[in-house]
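One structure below.
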């Protein structure tokens, strides 16, 4: 909790119970969550909390680069606390989103390409995850 308060204060964000709850929930879950999933996860602790409030908090955190928005699934946005450059894999069968640890290319390391400064990067791969792949293999035997 103290680490979360410190991170928010470093960004000049006023500490509120709702903001702390959103940030801590994202950190604790450590996966890609929709605003609706975050709302469902914390609403029991906050009477009167609205989905709109959660979206406002997420926008503030995004603006201050505390979180990252992932748009790998064209039907929804997901959010995560991991903000460094990294790739994602979307399973077209189960909908799971995975972080991929792929060595960054020269341009990402230097945060520049053809004289342009790179501030954000989102690399997406689409296919069938290893769990779904194993399930398909298991049925054929």
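FYI, it's all coordinate maths here, none of it is from the lab. Everything numeric here is computed off the predicted structure, so don't read it as measured data. For neighbour counting, all protein chains shown are included, and Cβ atoms are generated from backbone atoms with ideal geometry for every residue, glycine included.
Percentage of Cα-Cα pair distances in the range 2-70 greater than 17 Å, rounded to whole percent?
Working: 798 of 2346 pairs.
That fraction is 34 percent.
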Query - Exposure proxy order (Cβ contacts within 10 Å, fewest to most) of 32, 88 - result: 88, 32
Report task. Give me the orientation-averaged projected area of the Cα convex hull of the range 89-141, in nm², one decimal. Result -> 4.8 nm²
Query raised in the report: In percent, what relative contact order does the range 3-119 have, based on Cα pairs under 8 Å that are 6 or more apart in sequence?
Result: 18 percent
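If I stretch the segment between residue 36 and residue 92 completely, what's the gain in nm (0.36 nm per residue apart, minus their alpha carbon distance), one decimal?
Details: separation 56, 0.36 × 56 = 20.16 nm, distance 2.09 nm.
Fully extending the segment from residue 36 to residue 92 adds 18.1 nm.
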Report task. Report the normalised scattering of the chain as log10 I(q)/I(0) at q = 0.10, 0.16, 0.18, 0.21 Å⁻¹, calculated by the Debye formula with identical scatterers on the alpha carbons. Result -> -0.43, -0.94, -1.08, -1.27
Report summary line: Label model pair residue 111, residue 45: point-to-point distance (7 angstrom along the Cα→beta-carbon line) in nm is 3.2 nm
Query raised in the report: For the range 42-56 and the range 64-141, what is the separation of their C-alpha centers, rounded to whole Å?
Result: 28 Å
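Based only on other Cβ atoms within 10 Å, what is the fewest-to-most ordering of 113, 81?
Numbers: 113 13, 81 20.
Ascending Cβ contact count within 10 Å gives the list 113, 81.
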Query raised in the report: Fully extended, how many nm does the chain gain between residue 119 and residue 69 (0.36 nm per residue separation, minus their Cα-Cα distance)?
Result: 16.6 nm
**Report entry** the chain - share of DSSP beta bridges that are antiparallel (%, nearest 5)
**Finding:** 65 percent
